[in-house]
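Note sheet for the following structure.
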């Protein structure tokens, strides 16, 4: 197969949509937004904002999604950036198709993820923040496909986005282009139908938000959640791209 199919696996409340904007601004790249989302909603029965819209607009048969993701790159482009949420890759799904893709992971300090969730949700579980799923998927890809997939930590990335993007492009043996650092504000045809629920800030953006120090003192009720997930995050953080 010709071309680079780049599957980027992120947990929630991360920089995944901004990263999709960055790659989508390359002239040689086409992007796809969470192609396994509709299947995830059908299979789990979970209620998300716009659930019926997502299911109606998406492909619910995961095998058809896989055939698309591993097939010809749309528009004859050289690179296909595939934005995935890690929890959409349910344990029941087969993974043989992973060998046809190049993989990367976006990680974030679970304390920041929990703080983000806590603003709008009364309860939070380990499944919500996705660190456990990321580690499981990382181990699967490392053992079957790539012994050293790229791992990018959101906090470090936002301190030095250009350096990280240059290093990532070097790892992929492609040229870095300045267009990855800024983009026009507004929606995209490639945004999922859920964009109106989740993408307000990204659609206003014209580049990566500058990193800022956050107060990470969490309420006591989240202590067990942090204690069970932070060591998993540290496993991935130790593998992060260093620049």
Mean projected area in nm² (Cα convex hull; one quarter of hull surface) for the stretch 1-119: 8.0
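For the residues 128, 153, 47, what sequence is obtained by ranking on other C-beta atoms within 10 Å, fewest first?
By the 10 Å Cβ count, ascending: 47, 128, 153.
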Burial ranking of peptide ranges 96-103, 140-147 (average Cβ count within 10 Å, highest at the top): 96-103, 140-147
If you line up the Cα atoms of the stretch 4-237 on their principal axes, what length do they span on each, largest first, in Å? 52, 38, 38
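Given a Förster radius of 30 Å and the C-beta distance between residue 64 and residue 189 as r, what FRET efficiency does 1/(1 + (r/R0)^6) yield to the nearest 0.05?
After rounding, the FRET efficiency stands at 0.90.
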How much length is gained on full extension from residue 47 to residue 239, taking 0.36 nm per residue of separation minus their Cα-Cα distance? 65.7 nm
Evaluate the distance, in nm, between pseudo-label points positioned 7 Å from the Cα of residue 93 and of residue 213 along their respective Cα→Cβ axes. 4.0
If I build a Gaussian network model for the chain, linking alpha-carbon pairs within less than 10 angstrom, which residue out of 213, 136, 201 has the largest mean-square fluctuation? 213
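Read the figures in this text as sums done on the coordinates, not as results from a lab. Quantities reported herein were computed from a predicted structural model and do not represent experimental measurements. No Cβ is skipped: glycine too gets one built from the backbone with ideal geometry, and neighbour counts run over all protein chains shown.
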